[in-house]
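Let me begin by presenting the structure, written as structure tokens, before commenting on it.
The values are calculated or read from the model by the stated rules, or taken from the named source; none is laboratory data. It should be emphasised that the depicted structure is a prediction, and the values quoted were computed from it without experimental measurement. Counting neighbours? That spans all protein chains shown, and the Cβs are built from the backbone with ideal geometry, glycine included. Accessible surface areas use protein heavy atoms only, side chains included; no ligands, DNA or RNA. Shrake-Rupley method; radii C 1.70, N 1.55, O 1.52, S 1.80 Å.
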Amino acid sequence: MKALVYTQPEEMTFRDEPDPEPAADEVLIKVEAAGICGSDMHAYHGHDERRIPPLILGHEAAGTIVSGPGTGRRVVVNPLMTCGQCDYCLGGRSNLCRSRQIIGMTPREGAFAEYLRMPERNLVTLPEGMDPVHASVTEPVATSLHTIHLAARAVYRPLAELRSLVIGAGAVGLAAALILRHQGCTDLSIGDTNDLRRKTAERAGVGAVYDPRRETLEDASFDLVIDAVGGEVTRKVAVEAVKPGGVVMHIGLMDSAGGLDIRKITLQEVTFIGTYTYTMVDFRATVAMLNSGALGSLDWIEQRPLAEGGAAFQDIDRGSTPAAKIVLSP
Ligand SMILES: [Zn+2]
Ligand SMILES: [Zn+2]
């Protein structure tokens with residue numbers, strides 16, 4: 001099969017690879033769409049010790065089962081492989097599974113390929129007529145939905161009443177803003193340093209869009225802040241922007257240290273919550289939400305051929321695409 005292989009830092013090679021061989025509990029999927037994630041970009045720069053070249057990256061996929069039970073079924077892939085048996089899996093928090101693993105991470109090949117093998121229990125059937133390109137953003141959007149679910153438990157008022165800020169207008173940040181809007185939030189701001197992405201966020205109509213390099217936010221003025229970047233600078237902004245008693249949700253994985261004013265967090269009872277991926281419940285709810293049109297037209301997704309995936313990585317790296325998500329199709 002053809003695949004887009006991460007061969008060394010800053011190098012993606014479109015080449016022939018052996019077809020995947022499904023294990024006993026797995027099926028073979030013909031990939032129709034696979035999105036490029038921020039974590040794939042992190043690997044591309046050689047900054048992810050969990051993704052060692054040569055490796056087929058990609059974990060945001062939709063396609064059709066072509067062998068094994070359910071042949072012909074159109075599915076979206078939950079890429080989070082969990083054991084199904086540990087205390088977290090059994091307790092409804094499978095995203096914290098003690099042996100969790102994501103496809104497209106060494107040693108498990110990912111979805112930037114014509115074919116992908118997956119356990120059947122990781123697949124969700126697509127509603128009739130759902131575009132696989134739309135379905136392929138289920139993974140990042142489920143991350144946003146999981147974040148909103150956690151935030152809703154930590155805030156003291158209904159989400160719709162909150163003054164909210166989202167930092168970062170990539171797919172996860174933009175989807176978080178779209179979900180908040182869908183939940184009735186009207187006092188919503190979203191910031192991004194990339195001009196093109198800000199335009200995309202403006203078009204999506206999520207709220208006030210601002211450029212953090214030009215505008216400073218009023219300190220301590222937001223009930224809920226979602227950091228979808230997760231760098232030292234954005235953590236600092238998040239903690240400064242949050243009101244006393246407010247909630248900061250930290251999703252991004254840009255870097256690991258700095259930016260936290262622990263004194264403010266303590267004295268002002270700020271809740272700081274780290275959040276990672278989603279459960280299967282979030283995942284199914286996201287498919288339904290995307291298909292219902294609740295999050296709008298999804299025109300912030302750009303589809304490109306898998307063979308041109310290398311150029312897509314370069315464009316994302318240079319910030320020269322307005323798309324919040326580029327999806328590759330074999
Ligand atoms: Zn992802
Ligand atoms: Zn488990």
Taking the condition in a loop (DSSP other than H, G, I, E, B) and either open to solvent by 30 Å² or more (accessible area, probe 1.4 Å) or away from ligand 2 (no atom under 16 Å from the Cβ) (or both), does ALA33 pass? no
Being of a type in the set (Asp, Glu), touching a helix residue (DSSP H, G or I) at 6+ places or on another chain (Cβ under 6 Å) and over 23 Å from LEU180 (Cα atoms) narrows ASP282, ASP261 down to just ASP261
Please state which of the following conditions ASP131 fails to meet, knowing it meets all the rest: (1) farther than 30 Å from LEU224 by Cβ; (2) surrounded by fewer than 15 Cβ atoms within 10 Å (Cβ to Cβ); (3) without any contact (Cβ under 8 Å) to a residue 40 or more places away in the chain. (2)
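So, GLY205, is that one modelled with pLDDT of 95 or more and on the phi > 0 side of the Ramachandran plot or not?
On the way: modelled with pLDDT of 95 or more: no; on the phi > 0 side of the Ramachandran plot: yes.
Considered against the rule, which asks whether it is modelled with pLDDT of 95 or more and on the phi > 0 side of the Ramachandran plot, GLY205 comes out as no.
Determine which member of the set ARG100, ARG121, ARG73, ARG93 is among the basic types (Lys, Arg), more than 16 Å from ligand 2 (Cβ to nearest atom) and either under 13 Å from ALA34 (Cβ atoms) or surrounded by fewer than 19 Cβ atoms within 10 Å (Cβ to Cβ) (or both). Before the answer, list the steps.
Numbers: ARG100 fails: more than 16 Å from ligand 2 (Cβ to nearest atom); ARG121 fails: more than 16 Å from ligand 2 (Cβ to nearest atom); ARG93 fails: more than 16 Å from ligand 2 (Cβ to nearest atom).
Sole residue among the options that is among the basic types (Lys, Arg), more than 16 Å from ligand 2 (Cβ to nearest atom) and either under 13 Å from ALA34 (Cβ atoms) or surrounded by fewer than 19 Cβ atoms within 10 Å (Cβ to Cβ) (or both): ARG73.
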When ALA238 is evaluated against the numbered criteria (1) open to solvent by 10 Å² or more (accessible area, probe 1.4 Å); (2) of a type outside the set (Lys, Arg); (3) in a helix (DSSP H, G or I), which criterion, by number, is the only one it fails? (1)
Hey, among VAL281, VAL248, VAL270, VAL287, which residue is open to solvent by less than 20 Å² (accessible area, probe 1.4 Å), of a type in the set (A, V, I, L, M, F, W, C) and touching a residue at least 40 places away in the same chain (Cβ under 8 Å)? VAL287
Can you name every residue in the stretch 49-67 that is in a loop (DSSP other than H, G, I, E, B), of a type outside the set (Lys, Arg) and crowded, with 19+ Cβ neighbours inside 10 Å? LEU57, GLY58, HIS59
Please state which of the following conditions GLN85 fails to meet, knowing it meets all the rest: (1) in contact (Cβ under 8 Å) with a residue 24 or more places away in the chain; (2) out of contact with any Asp or Glu (no Cβ under 7 Å at 6 or more places or on another chain); (3) at negative phi. (1)
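Go through the stretch 1-23 and count every residue that is open to solvent by 40 Å² or more (accessible area, probe 1.4 Å), of a type in the set (A, V, I, L, M, F, W, C) and part of a strand (DSSP E or B). Talk me through it step by step, then tell me what you get.
Restricting attention to the stretch 1-23, the residues satisfying the condition of being open to solvent by 40 Å² or more (accessible area, probe 1.4 Å) are 2, 8-11, 13-19, 21-23.
Narrowing further to those that are of a type in the set (A, V, I, L, M, F, W, C): 14, 23.
Of the ones still in play, those that are also part of a strand (DSSP E or B) are 14.
Total satisfying the criteria: 1.
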Within the stretch 24-31, is there a residue that is without any contact (Cβ under 8 Å) to a residue 60 or more places away in the chain and touching a strand residue (DSSP E or B) at 6+ places or on another chain (Cβ under 7 Å)? no
